[in-house]
1. Can you report the number of residues in segment 62-120 which are small (Gly, Ala, Ser), within 26 Å of residue 249 (Cβ to Cβ) and part of a loop (DSSP other than H, G, I, E, B)?
2. Could you list, ordered by first residue, the pairs with Cβ atoms under 6 Å in which the first is in segment 152-176 and under 25 Å from residue 209 (Cβ atoms) and the second is of a type in the set (S, T, N, Q), at least 6 apart or interchain?
3. Can you tell me which residue within segment 138-178, out of those that are crowded, with 18+ Cβ neighbours inside 10 Å and among the β-branched types (Val, Ile, Thr), is nearest to residue 108 (Cα to Cα)?
4. Consider residue 15 carefully, then state whether it is open to solvent by less than 50 Å² (accessible area, probe 1.4 Å), free of Cβ contacts under 8 Å to residues at least 60 places away in the same chain and not in a loop (DSSP other than H, G, I, E, B).
5. If the requirement is being closer than 30 Å to residue 205 by Cα, among the small types (Gly, Ala, Ser) and not in a loop (DSSP other than H, G, I, E, B), which of these qualifies: 41, 20?
6. Considering only segment 133-167, how many residues are more than 23 Å from the chain's Cα centre (by Cα) and over 21 Å from residue 81 (Cα atoms)?
7. Is it the case that residue 181 is among the small types (Gly, Ala, Ser) and open to solvent by 50 Å² or more (accessible area, probe 1.4 Å)?
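The values are calculated or read from the model by the stated rules, or taken from the named source; none is laboratory data. Computed from a prediction, not measured in an experiment: that's the story for all the values here. So basically every Cβ, Gly included, is an ideal-geometry build from the backbone, and we count neighbours across all protein chains shown. Surface areas here come from the heavy atoms of the whole protein model, side chains and all, with no ligands, DNA or RNA. Shrake-Rupley method; radii C 1.70, N 1.55, O 1.52, S 1.80 Å.
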Amino acid sequence: MLNETKRSRYLLYAGLFVMAVWALLPYYWVIRTSVLTNFAAIDPSTGYTPFSHFTFDPYFEIWNSFAMTTYFRNSIIVALAATVISLFFSIPGAYAFARLDFPGRKLLFYTAVFTIMFPWIVITIPVYNIFYTLGLINSLTGIIVALSIFVLPQTIWLLQGFFRQGIPPNIEEAALIDGHSEIGAFLRIVLPLSLPAVGAAALFSFLTAWNNFLWVFVLTSDKNVRTATVAIHYILGSDAFRQWNLLMAAAVLLVLPPVVFYALSQRFVGEGLAG
């Protein structure tokens, strides 16, 4: 007979397996539907493994019928630009919050943290009015500015914790003794050691900007500057609404870039979060 430890382990593994299957089933269903014909996608007799109906036509059709090249190009430009801009400001800002003692430091930091939990939808009208006055409506520049501001607080919060707990102050003190200035010690010592945290912050910034729907929807009405997330919303209101294979193919295409970005930066993410 199995002893109590082995029995508990097997029960744990069985429970984890059931939970994993339950969690992954919707993703499998999305991928399954995306490689079917429209009739097979809505036919109850198709089954869970419809190899006889397998086709990549929905991907080609959704890509060619709805100008997805433009939408994905806009999404990549916006997400990368917002990530770079937010990191450019959040790295020195987080370092200042972690190392420097200046009046209002805690107030400014907690204000930034509070904005992470703030319901942004309540300020959409004032934000729209400001961007309209500045002439940033229906432009990629306006979207980039809005998303950079949106992701900035979370990158400051993440990097501040790493600078404060992950890097001992005596490393910088040793660099100052060796003749480096404070800026030189930061650029040559602290920043290279912080690359894992910067990679994690870059990943979260990219995912947040890529998945953002609210600001792109509010600040754009021209389809030429829409991102993929908002474009799929409009596709839902078109004739494609009755073509579930096209919608699932669009969803798979929308998920691919973040997955690739995560695969390239997962080593930094693990080290950064651990730090």
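1. Residues that pass the stated criteria total 1.
2. Pairs that qualify, where the first residue is under 25 Å from residue 209 (Cβ atoms) and the partner is of a type in the set (S, T, N, Q), are 152/86; 152/90; 153/115; 155/86; 155/90; 155/205; 156/90; 159/90.
3. If we take residues in segment 138-178 being crowded, with 18+ Cβ neighbours inside 10 Å and among the β-branched types (Val, Ile, Thr), then 156 is nearest to residue 108 (Cα to Cα).
4. yes
5. Step by step, each of 41, 20 is checked, and only 20 is closer than 30 Å to residue 205 by Cα, among the small types (Gly, Ala, Ser) and not in a loop (DSSP other than H, G, I, E, B).
6. Of the residues in that region, 5 qualify.
7. It is true that residue 181 is among the small types (Gly, Ala, Ser) and open to solvent by 50 Å² or more (accessible area, probe 1.4 Å).
Yes/no per residue for (1) farther than 30 Å from residue 220 by Cα; (2) at pLDDT 80 or above; (3) small (Gly, Ala, Ser); (4) touching a helix residue (DSSP H, G or I) at 6+ places or on another chain (Cβ under 9 Å):
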| residue | (1), (2), (3), (4) |
| --- | --- |
| 123 | no, yes, no, no |
| 146 | no, yes, yes, yes |
| 151 | no, yes, no, yes |
| 163 | yes, yes, no, yes |
| 187 | yes, no, no, no |
